[in-house]
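Worksheet: the structure to be examined is printed underneath.
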Amino acid sequence: MSMIKSYKDLLVWQKGVKIVSLVYQLVKSFPQEELYALTSQLKRASVSIPSNIAEGYGRNTDKSFSHFLNISRGSLFEIETQLLIANDLGFITNQTLYAEILNQIEEESKMINAFSKTLKD
């Protein structure tokens, strides 16, 4: 097993970056009037996931890292809620991509939970 030399080696961070890419791809088809509303909110929340994982890693204490993982998890739930709203409003045209993002969010949430638990043990 290889050593973790950087936050970039963490699978939980890598999956967070993938979610960002998927969210950016999905919101391209949102209505123009949502550019500074739901579109912007989804982008910011998605970027928050890997950013907080990286910041927590950089704090060099398990307690701080766990705190930033919790923030990342909160951002996941924020994205999930916003996507459900966007879908209800008819903004989501690619249901396959929508389902993929929801699946990735579920997986990321499980990974964050497990990782956070290992930091607390």
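The values are calculated or read from the model by the stated rules, or taken from the named source; none is laboratory data. Because the structure is predicted, anything quoted here is derived from the model rather than measured. Using ideal geometry, Cβ is built from the backbone for each residue, glycine included, and neighbour counts are taken over all protein chains shown. Each accessible area value is taken on the protein alone, full model and side chains, heavy atoms only, with ligands, DNA and RNA left out. Shrake-Rupley method; radii C 1.70, N 1.55, O 1.52, S 1.80 Å.
Given Ile53, Ile49, which one is part of a helix (DSSP H, G or I) and either in contact with a Phe, Trp or Tyr (Cβ under 6 Å, 6 or more places away or on another chain) or of a type in the set (Ser, Thr, Tyr) (or both)?
Ile53
Scan the stretch 21-36 and report the pairs whose first residue is farther than 16 Å from Val47 by Cα and whose second residue is part of a helix (DSSP H, G or I), with Cβ atoms within less than 6 Å and a gap of 6+ or a chain change.
Phe30/Thr39
Identify the single condition in (1) within 20 Å of Ser6 (Cα to Cα); (2) open to solvent by 60 Å² or more (accessible area, probe 1.4 Å) that Phe77 does not satisfy, given that it satisfies every other one.
Condition not satisfied by Phe77: (1).
Given the conditions (1) at positive phi; (2) open to solvent by less than 60 Å² (accessible area, probe 1.4 Å), report the number of the one that Glu108 does not fulfil.
(1)
I'm trying to understand the selection: among the residues of the stretch 87-121, which are in contact with a Ser or Thr (Cβ under 7 Å, 6 or more places away or on another chain) and within 30 Å of Ser66 (Cβ to Cβ)?
Matches in the stretch 87-121: Ile112, Ser116, Leu119, Lys120.
Consider Asp62 against the criteria (1) within 16 Å of Tyr24 (Cβ to Cβ); (2) open to solvent by 70 Å² or more (accessible area, probe 1.4 Å): it satisfies all of them except one. Which criterion is unmet?
With (1) within 16 Å of Tyr24 (Cβ to Cβ); (2) open to solvent by 70 Å² or more (accessible area, probe 1.4 Å) applied to Asp62, the lone miss is (1).
Provide a single number: the residues in the stretch 86-95 that are open to solvent by 60 Å² or more (accessible area, probe 1.4 Å), in contact with a helix residue (DSSP H, G or I) (Cβ under 7 Å, 6 or more places away or on another chain) and of a type outside the set (S, T, N, Q).
Selection size over the stretch 86-95: 0.
So if I check each of Tyr98, Tyr7, Tyr24, Tyr57, which one is more than 30 Å from Leu119 (Cα to Cα) and open to solvent by 60 Å² or more (accessible area, probe 1.4 Å)?
Answer to the selection: Tyr24.
Might you let me know whether the stretch 54-70 holds any residue that is in contact with a helix residue (DSSP H, G or I) (Cβ under 6 Å, 6 or more places away or on another chain) and either among the β-branched types (Val, Ile, Thr) or farther than 30 Å from Asp121 by Cα (or both)?
No, the stretch 54-70 contains no residue that is in contact with a helix residue (DSSP H, G or I) (Cβ under 6 Å, 6 or more places away or on another chain) and either among the β-branched types (Val, Ile, Thr) or farther than 30 Å from Asp121 by Cα (or both).
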